[in-house]
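> Quick one: the structure is below, questions incoming.
The values are calculated or read from the model by the stated rules, or taken from the named source; none is laboratory data. Source: prediction; values computed, not measured. Note: ideal-geometry Cβ built from the backbone for every residue, glycine included; neighbour counts use all protein chains shown. Heavy atoms of the whole protein, side chains included, go into the accessibility calculation; ligands, DNA and RNA do not. Shrake-Rupley method; radii C 1.70, N 1.55, O 1.52, S 1.80 Å.
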Amino acid sequence: MAEFTMELNDEQKEVRDWLHGFAADVIRPAAAEWDEREETPWPIIQEAAKVGIYSLDFYAQQYFDPTGLGIPMAMEELFWGDAGIALSIVGTGLAAVGVLANGTEEQIGTWIPQMYGDVNDVKVAAFCSSEPDAGSDVASMRTRAVYDEAKDEWVLNGTKTWATNGGIANVHVVVAVVDSELGSKGHASFIVPPNTPGLSQGQKFQKHGIRASHTAEVVLEDVRVPGSCLLGGKEKLDERLARARERAKSGGERVKNAAMATFEASRPAVGAMAVGTARAAYEEALEYAKTRTQFGRPIIDNQGVAFQLADMRTSVDAARLLVWRASWMAVNGKQFTAAEGSMSKLFASETAKKVTAQAIQILGGNGYTREYPVERMHRDAAIYTIFEGTSEIQRLVIARTLAGMPIR
Ligand SMILES: Cc1cc2nc3c(=O)[nH]c(=O)nc-3n(C[C@H](O)[C@H](O)[C@H](O)COP(=O)(O)OP(=O)(O)OC[C@H]3O[C@@H](n4cnc5c(N)ncnc54)[C@H](O)[C@@H]3O)c2cc1C
């Protein structure tokens, strides 16, 4: 186990500074343009690929940092640059993690490289779980996957929604129902390879924030994928379903949901994105408050403004500490006995919403315009309390964990 320290080591500082440089020199200057265009910023993704930020290797390196701080540090810096562009850069990771968590070695080796493409031909990937009637309530998912034994193929039908990179992805990872009697235990994940007939993009959403990130419906009509596209393979699925059926029949004790443990480990990464946006808005507000003069003195000379900045900075630092704690726990195999991952996501995302609103207030009329970035940051921040589990769902998970109640 790595020794606990609050200090980043030299290597981490080097990576952080490198990422910060990319965020400041490449991402931030392009943020307003891509927000207005509401399009995927392909040239920036390509730039990120060229320098090595858009690649599985980079994320794997950060993921295996024994302190656990590699991923949150990377997320904070990239999202400090701009949330919409950063999500376009890291969105593929969500699908890649789906394959890493459930796929065989062969599936990992085959599909993850195709998710990223190469420097001269970058690709993105999408993770499709949410549906129009199954957002927070994942168990009510309707997309079906039926096995065609004669052809060793799975046939997928349904409509997915809110998919980041949905329809523009080279590889889609789709979660579908294989046994409707078993609720979320009857779900399985499938790779839909590039150019598979029957998969199409539905509505592309026009959003409040993170507008450079593409979000769309994905329609699946008799999509046939080879048996090898079932993540983890058929044998493992059959064993898992048999165990779940056995437990359902005997009315046996609910086993600890492995998916919940995965969420606890992945939620701090979203918290770190929120910390990045919150910190960016705080820094803008601090600089503005030091230079904007009213009544013959900088506005920071007013306690009403200065105390807001003190609270903003305190919240940003507290959010980061919760994120770092949960990330450290995840890599060191600590049990999330108080849903510490959910706690970090809840606090950081609510902080981002609040701090970006305070930043607008400190910038006054300028804060309310698109001439200054805090207006965009505030629109962007609203997503953190919604995706990867809303704030209400985080509270539900924390409360049920504290009460020792099962989490569905
Ligand atoms: C920009 C964007 C990108 C996304 N990217 C992806 C993606 O890549 N892949 C993917 O699969 N999904 C993605 N999502 C979907 C996202 O995870 C869902 O929007 C989220 O889980 C909430 O589901 P919902 O929108 O259906 O809201 P609902 O579940 O309908 O919730 C509506 C409201 O009711 C509250 N609520 C619901 N149940 C309870 C309860 N039991 N107790 C208290 N309050 C409750 C919620 O907190 C919320 O305030 C994305 C969403 C957005 C907006």
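> For the chain, with equal point scatterers placed on the C-alpha atoms only and solvent neglected, what are the log10 I(q)/I(0) values from the Debye formula at q = 0.08, 0.11 1/Å, to two decimals?
-0.44, -0.83
> Sorting GLU287, GLU14 by accessible area (1.4 Å probe), largest first, what list results? Each step should come with its number before you reach the end.
Values: GLU287 95, GLU14 135 Å².
Descending accessible area places them as GLU14, GLU287.
> Could I ask something else about it? Test of understanding: in a Gaussian network model of the chain with alpha carbons linked when under 10 Å, which of GLN294, GLN62, GLN358 would top the mean-square fluctuation ranking?
GLN294
> Just the accessible area for HIS172, please: 1.4 Å probe, Å², rounded to the nearest 10?
Result for HIS172: roughly 10 Å² accessible.
> Separate question: Can you pull the accessible area of ASP179 for me, 1.4 Å probe, Å² to the nearest 10?
ASP179 has an accessible surface of roughly 20 Å² with all protein chains in place.
> Can I ask one more? Give the carbon-plus-sulfur fraction of the accessible surface of the chain in %, rounded to a whole number; probe 1.4 Å, heavy atoms of protein chains only. It would help to have the intermediate numbers written out before the result.
Details: 10120 of 19290 Å².
Carbon with sulfur: 52 percent of the solvent-accessible area.
> So if I take the centroid of the Cα atoms in the stretch 35-112 and the same for the stretch 332-405, what is the distance between those two points in Å?
21
> Here is a further query. Got a sec? What order do PHE263, PHE387, PHE295, PHE307 fall in by accessible area at 1.4 Å, biggest, i.e. largest, first?
Values: PHE263 85, PHE387 50, PHE295 205, PHE307 125 Å².
In descending accessible area the options line up as PHE295, PHE307, PHE263, PHE387.
> Is the shape of the stretch 152-287 rounded, prolate or oblate, going by the alpha carbon gyration tensor and its root eigenvalues a ≥ b ≥ c, with a/c under 1.5 for rounded and a/b larger than b/c for prolate?
Values: a/c = 2.82, a/b = 1.41, b/c = 2.00.
Taking the square roots of the gyration eigenvalues as a ≥ b ≥ c, the stretch 152-287 is oblate.
> With each run of n ≥ 4 DSSP H residues scored as -39500 (n - 2.57), what mean residue ellipticity at 222 nm is computed for the chain after dividing by its residue count and rounding to the nearest 500 deg cm²/dmol? Provide the component values of the computation, followed by the final result.
On the way: 13 runs with 214 residues, N = 408.
That calculation yields -17500 deg cm²/dmol at 222 nm.
> Sticking with this structure for a sec: Which whole-number percent gives the relative contact order of the chain, counting Cα pairs below 8 Å spaced six or more residues apart?
On the way: 740 pairs, mean separation 66.6, N = 408.
The value is 16 percent.
> Taking springs between alpha-carbon atoms closer than 10 angstrom, which of GLU235, GLU36, GLU392 fluctuates most in the Gaussian network model of the chain?
GLU235
> Now for a different question. Would you look at the GNM of the chain, springs on alpha carbons closer than 10 Å, and say which of GLY183, GLY304, GLY158 moves the most?
So, out of GLY183, GLY304, GLY158, the one fluctuating most is GLY304.
> Given an 8 Å cut-off on Cα distances and at least 6 residues of separation, report the relative contact order of the stretch 188-310 as a percent. Walk me through the numbers before you get to the answer.
Numbers: 72 pairs, mean separation 20.6, N = 123.
Worked out over the stretch 188-310, it gives 17 percent.
> If you don't mind, another one. What pairs in LYS236/LYS345; LYS151/LYS236; LYS123/LYS204 have C-alpha atoms more than 22 Å from each other?
Values: LYS236/LYS345 32 Å; LYS151/LYS236 19 Å; LYS123/LYS204 18 Å.
Beyond 22 Å between Cα atoms: LYS236/LYS345.
> So, one more: What shape does the stretch 8-120 have by the C-alpha gyration tensor, where a ≥ b ≥ c are the square roots of the eigenvalues, rounded means a/c under 1.5, and otherwise prolate means a/b greater than b/c and oblate the rest? Could you put the intermediate results ahead of the total?
Numbers: a/c = 2.02, a/b = 1.19, b/c = 1.70.
Oblate, because a/c is 1.5 or more while a/b does not exceed b/c.
> What ranking, highest mean first, results for peptides 159-165, 308-314 when packing means the other Cβ atoms within 10 Å averaged over each residue? Before the final figure, lay out each step's value.
Numbers: 159-165: 23.7, 308-314: 16.6.
Descending mean neighbour count gives 159-165, 308-314.
> Using 0.36 nm per residue of separation minus the Cα-Cα distance, give me the extension gain between GLU11 and GLU246 in nm, one decimal.
Details: separation 235, 0.36 × 235 = 84.60 nm, distance 4.95 nm.
Full-extension gain reported as 79.7 nm.
> Sticking with this structure for a sec: Would you kindly find the accessible area of SER130, with a 1.4 Å probe and non-protein molecules such as ligands, DNA and RNA excluded, rounding to the nearest 10 Å²?
Here the residue's solvent-accessible area equals roughly 40 Å².
> Skip the ligands, DNA and RNA, and give the accessible area per residue of the stretch 1-72 with a 1.4 Å probe, whole Å².
On the way: 4070 Å² over 72 residues.
Accessible surface, normalised per residue, equals 57 Å².
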